[in-house]
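Computed from the coordinates by the stated procedures, all read-outs in this text should not be read as laboratory data. Computed from a predicted model, the values in this text were never measured in an experiment. Heads up, the Cβs are rebuilt from the backbone with ideal geometry, glycines too, and the neighbour counts pull from every protein chain shown.
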Amino acid sequence: MVPELSPPMMNRWNPSVTKPASVLAESENALSIIVQSFWGTLKSELVHHKRYQTRKDAIKDITEYIEVFYNRQRKQIRLDYLSPAAYALRFQKEKLAA
């Protein structure tokens, strides 16, 4: 049986723990929200419009969607509402202009 430890003792018990449990839980919740948002987007933009004959067909189509569209062409807030390709092009133009 593991003894009940106070928060300062927990860090001594497990030195890899550097953040309080509440901070870890908060970051896990944020990650969960991001993942759920991604799955919702994937389903609404791709999966709900098709009926796949085999699992292999579904995997191929979903992989292509993620690699070709979602990661490269989709506009992203963190990139000033540009796609990664457009953002890279803008970056190169600004770099050449400087």
Taking 41, 63 and counting other C-beta atoms within 10 Å, the order from fewest to most: 63, 41
For residue 82, residues with placed amide H under 5 Å, excluding near neighbours: 76
